[in-house]
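A quick write-up on the structure given underneath.
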Amino acid sequence: MTVRVQTDDFDAGREIAALRAGDARVGAVATFIGTVRDVNDAAHVVTLTLEHYPGMTEQALEAIVAEARTRFDIFDALVIHRVGTLAPADQIVLVAVTSAHRGEAFDACRFLMDYLKTRAPFWKKETTPQGARWVDARASDDEAAARWEPPSVPR
Amino acid sequence: MPDSRNSAITVHLVYLARLREAFGRAGEPLTLPGADSSVAALLAALRERGGSFGLELATGRAVRVAVNHALVATDAALRDGDEVALFPPVTGG
């Protein structure tokens, strides 16, 4: 399991190759890359700055990966999340998962992103032509994360 | 032996993202009387300051709390020396 928080960009191909290197059990690699969009909520994004909580961030990401390992039959997982100031089209986050078959890899990758979006201590601040503003959390992210919980059983 | 359950405790507050800007500081120590040293009591104590604290921590405002780097609910108990971070809902990824 590898979790990294860094300002530098990442090379997804190289990271994926390293993730599955030497493990011929791997039959599936699922990946997600999040990138900076140029328009958010009707405003043009000039820059996006990512803040995080040093001391908690890596720990939170490791806990999310550990949770994924208990839920899904995967071999390994990688999360790289950038912080600092980014521009439209820049890469923000890479999540990669290896497993024997695609079902577990796809599900684990989605789970990791849904939990990262609602539990990992990062905050985005956009600068637009109208000034700087903090990005609001989305209800859809909470809904996505909630879908991984078992439905409550009515009494 | 003194009863430590009712001793005052001091926690180290950390404010992140938009809350840091609203409160005008990155953090501060806070001493709570020992009778109720829960996260809820800490939030109530901060709310009493009024101003941006009263506004941002009002009932119904979405504030997340982490104690020693773990997310907690507002009924969580606090101990002397704890690091308590207050922050808006996260927006990473």
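Calculate the mean, over all residues of peptide A:44-53, of how many other protein chain Cβ atoms lie within 10 angstrom of the residue's Cβ.
Values: counts 0, 0, 0, 0, 0, 0, 3, 7, 4, 8.
Mean partner shielding for this stretch: 2.
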Expressed in nanometres to one decimal, the distance between label points 7 Å along Cα→Cβ at A:Asp90 and B:Ala8 is 4.5 nm
Remind me, relative contact order of chain A in percent, using alpha carbon pairs under 8 angstrom and six or more residues apart? 32 percent
So the FRET efficiency between A:Ile16 and A:Ser140, C-beta based with R0 = 45 Å and rounded to 0.05, is 0.95
Segment A:Ala66-A:Arg4, length gained on full extension (0.36 nm per residue, minus Cα span): 20.9 nm
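Give me the number: length gained by fully extending A:Ala100 to A:Asp38, i.e. 0.36 nm times residue separation minus the C-alpha to C-alpha distance, one decimal in nm.
Numbers: separation 62, 0.36 × 62 = 22.32 nm, distance 3.68 nm.
Using 0.36 nm per residue and subtracting the Cα-Cα distance, I get 18.6 nm.
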May I ask for the net charge around B:Val11, where only other residues with Cβ less than 14 Å from the Cβ of B:Val11 are counted and Lys, Arg are +1 while Asp, Glu are -1? -4
Rounded to the nearest Å, what's the spacing between the alpha carbon centres of region A:41-65 and region B:28-92? Just the number, please. 21 Å
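Quick check on chain B: helices-only [θ] at 222 nm, where DSSP H runs of length 4 and up contribute -39,500 (n - 2.57) each and the sum goes over total residues. Nearest 500, please. Walk me through the intermediate numbers first.
Working: 3 runs with 22 residues, N = 93.
Per the formula, -6000 deg cm²/dmol.
Between B:Glu83 and B:Thr59, what's the calculated FRET efficiency when r is the beta-carbon distance and R0 is 35 Å? Round to 0.05. Mind dumping the intermediate values first?
Numbers: r = 24 Å, r/R0 = 0.70.
Calculated value: 0.90.
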Quick one: what are the phi-derived ³J(HN,Hα) couplings along region B:16-27, Karplus 6.51/-1.76/1.60 with θ = phi - 60°, whole Hz, x for glycine and proline? 10, 6, 4, 5, 4, 5, 5, 7, x, 7, 7, x
Please build a GNM for chain A, connecting alpha carbons under 10 Å apart, and tell me which residue among A:Asp114, A:Asp11, A:Asp90 fluctuates the most. A:Asp11
Exposure proxy check: A:Ile33, A:Ile16, A:Ile92 ranked by fewest other beta carbons within 10 Å? A:Ile33, A:Ile16, A:Ile92
Just want to confirm a number: the relative contact order over region B:11-93, from Cα pairs under 8 angstrom separated by 6+ residues, in percent. 40 percent
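None of the figures in this text is laboratory data; all of them are computed from the coordinates on show. Here the structure is a predicted model, which is why all the values come from computation and not from measurement. Note that each Cβ is placed from the backbone with ideal geometry, even for glycine, and that neighbours are counted across all protein chains shown.
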